[in-house]
Amino acid sequence: MAKFIDIHSGMTNITQEQLEQAHREDQKHEGKEGVRFIKAWADPQSGKVFCLSEGPDKEAVKRVHQKAGHPADEIYEVKHTTE
């Protein structure tokens, strides 16, 4: 399964609780699209949120975020990683 990193903008001052709630919203919809959200990171000062997921394609990840109410601004397939 392919891995993806997506970026959300405009989430300035997001709290840990809000990040966790957004992640739970994604999880409500991910199974229908064959996506699994693995982890999310936030930089409250810049308003950027980054999500790591795996799924069949970029469009499936995009649909999950849209259904969850926080569309991603950018989505990238990650082809090479290090451990």
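Screening Val64 against (1) in a helix (DSSP H, G or I); (2) exposed (fewer than 14 other Cβ atoms within 10 Å of the Cβ) leaves a single unmet condition, (2). Filtered by the rule that a residue be closer than 16 Å to Arg24 by Cα and either more than 10 Å from the chain's Cα centre (by Cα) or crowded, with 18+ Cβ neighbours inside 10 Å (or both), region 41-53 gives Ala42, Val49, Cys51, Ser53. Residues in region 6-18 that are within 17 Å of Gln45 (Cβ to Cβ) and crowded, with 17+ Cβ neighbours inside 10 Å were compared, and the one that is nearest to the chain's Cα centre (by Cα) is His8. Is it the case that some residue within region 67-77 is surrounded by 16 or more Cβ atoms within 10 Å (Cβ to Cβ), touching a strand residue (DSSP E or B) at 6+ places or on another chain (Cβ under 6 Å) and not in a loop (DSSP other than H, G, I, E, B)? Yes, region 67-77 has at least one match. Taken over region 1-44, residues that are among the acidic types (Asp, Glu) and either at pLDDT below 95 or within 13 Å of His65 (Cβ to Cβ) (or both) amount to 5. The lone criterion from (1) in contact with a His (Cβ under 7 Å, 6 or more places away or on another chain); (2) at pLDDT below 95 left unmet by Ala68 is number (2).
The values are calculated or read from the model by the stated rules, or taken from the named source; none is laboratory data. Owing to the predicted nature of the structure, the values given are computational and were not obtained by experimental measurement. When we count neighbours, we look across all protein chains shown, and the Cβ atoms used for this are built from the backbone with ideal geometry, even at glycine.
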